[in-house]
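Working notes for the structure below.
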Ligand SMILES: *Cc1c(COP(=O)(O)O)cnc(C)c1O
């Protein structure tokens with residue numbers, strides 16, 4: 001089945017308030033064009049160089065989301081056009097995004113990355129760290145970035161109860177941040193969790209933005 005058909009099927013199963021990011025990393029622009037022709041506009045990439053190449057050849061009304069780990073020295077390449085940066089994991093990165101956004105005379109929307117999975121990845125705030133970071137408030141001086149919510153990835157395990165419990169922790173943290181610091185801020189609204197294998201669990205535990213790759217485009221060839 002074509003990417004555009006699969007996207008249609010997935011959208012039919014998602015509640016209407018859940019946004020679908022079609023994760024096109026490692027897949028050629030022709031597959032994105034198929035999805036685009038079917039009406040889809042939101043695509044996610046996780047490598048700056050690859051995103052740059054696709055941005056240049058594909059239609060300009062695509063909303064490009066950067067979903068991977070972003071190195072500070074590469075922010076400048078995507079700052080002119082990126083719609084949402086999902087995985088902000090340090091204050092230093094947010095400062096750089098702010099600086100590059102300023103240079104481009106725009107405000108860049110960002111999500112803070114919550115590290116919740118068991119795996120020993122290096123990236124993301126723990127729940128306590130994120131709460132403290134938001135509370136401390138240094139980010140408030142950065143006028144060209146807007147913190148719009150949080151993103152996370154569940155552990156890569158079969159145990160659905162564990163995945164559900166991790167997403168639940170993310171939802172609990174989101175709600176706490178919303179109540180304590182963003183109650184008056186409508187733009188703080190994005191809960192980005194759920195991928196090909198766990199997006200229905202994610203949607204049942206607070207997600208309103210799922211990032212789906214291999215289910216749409218097939219297995220990636222690295
Ligand atoms: C690759 C990737 C996805 C998509 O994963 P699939 O299992 O192919 O759906 C989602 N989120 C992030 C951060 C990714 O890097």
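All but one of (1) at pLDDT 95 or above; (2) within 18 Å of residue 194 (Cα to Cα) hold for residue 144, so report the exception by its number.
Condition (2) is where residue 144 drops out.
Filter segment 56-70 down to residues that are away from the ligand (no atom under 15 Å from the Cβ) and closer than 26 Å to residue 92 by Cα, then give me how many there are.
Qualifying residue count, segment 56-70: 1.
Please state which one of 204, 156, 175 is farther than 30 Å from residue 35 by Cα and surrounded by fewer than 22 Cβ atoms within 10 Å (Cβ to Cβ). Spell out how you get there, then give the answer.
Working: 204 fails: farther than 30 Å from residue 35 by Cα; 156 fails: farther than 30 Å from residue 35 by Cα.
Answer to the check: 175.
Exactly one of (1) within 28 Å of residue 206 (Cβ to Cβ); (2) in contact (Cβ under 8 Å) with a residue 24 or more places away in the chain is unmet by residue 16. Its number?
Single failed check for residue 16: (2).
Could you give me the residue pairs with C-beta distances under 8 Å whose first residue belongs to segment 169-188 and is farther than 15 Å from residue 113 by Cβ, whose second residue is surrounded by fewer than 14 Cβ atoms within 10 Å (Cβ to Cβ) wherever it lies, and which are 6+ apart or on separate chains?
180/135; 181/135
Is there a residue in segment 29-42 that is within 12 Å of the ligand (Cβ to nearest atom), surrounded by 16 or more Cβ atoms within 10 Å (Cβ to Cβ) and within 22 Å of residue 202 (Cα to Cα)? Write out each step before concluding.
Taking segment 29-42 first, the residues within 12 Å of the ligand (Cβ to nearest atom) are none.
No, that holds for no residue.
Residues to consider are 195, 209; find the one that is crowded, with 23+ Cβ neighbours inside 10 Å and at pLDDT 95 or above. Step through it out loud before you land on a result.
Numbers: 195 fails: crowded, with 23+ Cβ neighbours inside 10 Å.
That would be 209, the only listed residue that is crowded, with 23+ Cβ neighbours inside 10 Å and at pLDDT 95 or above.
Look through segment 95-133, keep the residues that are part of a loop (DSSP other than H, G, I, E, B) and within 16 Å of the ligand (Cβ to nearest atom), and return whichever of them is surrounded by the fewest Cβ atoms within 10 Å (Cβ to Cβ).
Narrowing segment 95-133 to residues part of a loop (DSSP other than H, G, I, E, B): 104-107, 115-124, 126.
Subset that is within 16 Å of the ligand (Cβ to nearest atom): 115-117, 119, 121-124.
Numbers: 115: 18, 116: 23, 117: 17, 119: 11, 121: 12, 122: 7, 123: 14, 124: 22.
Within segment 95-133, the match that is surrounded by the fewest Cβ atoms within 10 Å (Cβ to Cβ) is 122.
In the set 150, 216, which member is under 27 Å from residue 5 (Cβ atoms), modelled with pLDDT of 95 or more and in contact with a strand residue (DSSP E or B) (Cβ under 9 Å, 6 or more places away or on another chain)?
Details: 150 fails: under 27 Å from residue 5 (Cβ atoms).
Going through 150, 216 in turn, the sole match is 216.
Would you tally the residues in segment 12-26 being within 15 Å of the ligand (Cβ to nearest atom) and either under 15 Å from residue 210 (Cβ atoms) or more than 18 Å from the chain's Cα centre (by Cα) (or both)?
Here is the first cut: in segment 12-26, the residues within 15 Å of the ligand (Cβ to nearest atom) are 13-14, 18-26.
So of that shortlist, the ones also either under 15 Å from residue 210 (Cβ atoms) or more than 18 Å from the chain's Cα centre (by Cα) (or both) come out as 13-14, 18-24.
Qualifying residue count, segment 12-26: 9.
Checking the structure you have, find out if any residue of segment 134-144 is within 17 Å of the chain's Cα centre (by Cα), crowded, with 22+ Cβ neighbours inside 10 Å and at negative phi. Quick ask: steps written out before the conclusion?
Pass one, segment 134-144, residues within 17 Å of the chain's Cα centre (by Cα): none.
Scanning segment 134-144 turns up no residue that is within 17 Å of the chain's Cα centre (by Cα), crowded, with 22+ Cβ neighbours inside 10 Å and at negative phi.
From 127, 117, grab the single residue that is closer than 22 Å to residue 176 by Cα and at pLDDT below 95. Steps first, please.
Working: 127 fails: at pLDDT below 95.
Unique residue meeting the criteria: 117.
Sort through 5, 25, 76 and tell me the only one that's over 26 Å from residue 207 (Cα atoms) and touching a residue at least 12 places away in the same chain (Cβ under 8 Å).
Step by step, each of 5, 25, 76 is checked, and only 76 is over 26 Å from residue 207 (Cα atoms) and touching a residue at least 12 places away in the same chain (Cβ under 8 Å).
What about residue 140, is it away from the ligand (no atom under 16 Å from the Cβ) and in contact (Cβ under 8 Å) with a residue 12 or more places away in the chain? Don't jump to the end; show me each part of the working.
Numbers: away from the ligand (no atom under 16 Å from the Cβ): yes; in contact (Cβ under 8 Å) with a residue 12 or more places away in the chain: no.
No: the conditions fail for residue 140.
For residue 92, only one of the following conditions fails: (1) free of Cβ contacts under 8 Å to residues at least 40 places away in the same chain; (2) in contact with a helix residue (DSSP H, G or I) (Cβ under 7 Å, 6 or more places away or on another chain); (3) surrounded by fewer than 19 Cβ atoms within 10 Å (Cβ to Cβ); (4) part of a loop (DSSP other than H, G, I, E, B). What is its number?
Of everything listed in (1) free of Cβ contacts under 8 Å to residues at least 40 places away in the same chain; (2) in contact with a helix residue (DSSP H, G or I) (Cβ under 7 Å, 6 or more places away or on another chain); (3) surrounded by fewer than 19 Cβ atoms within 10 Å (Cβ to Cβ); (4) part of a loop (DSSP other than H, G, I, E, B), residue 92 misses just condition (4).
The values are calculated or read from the model by the stated rules, or taken from the named source; none is laboratory data. This one's a predicted model, so the numbers in the text were calculated from it and none came from an experiment. Every residue, glycine among them, receives a Cβ derived from its backbone with ideal geometry; neighbour counts consider all protein chains shown.
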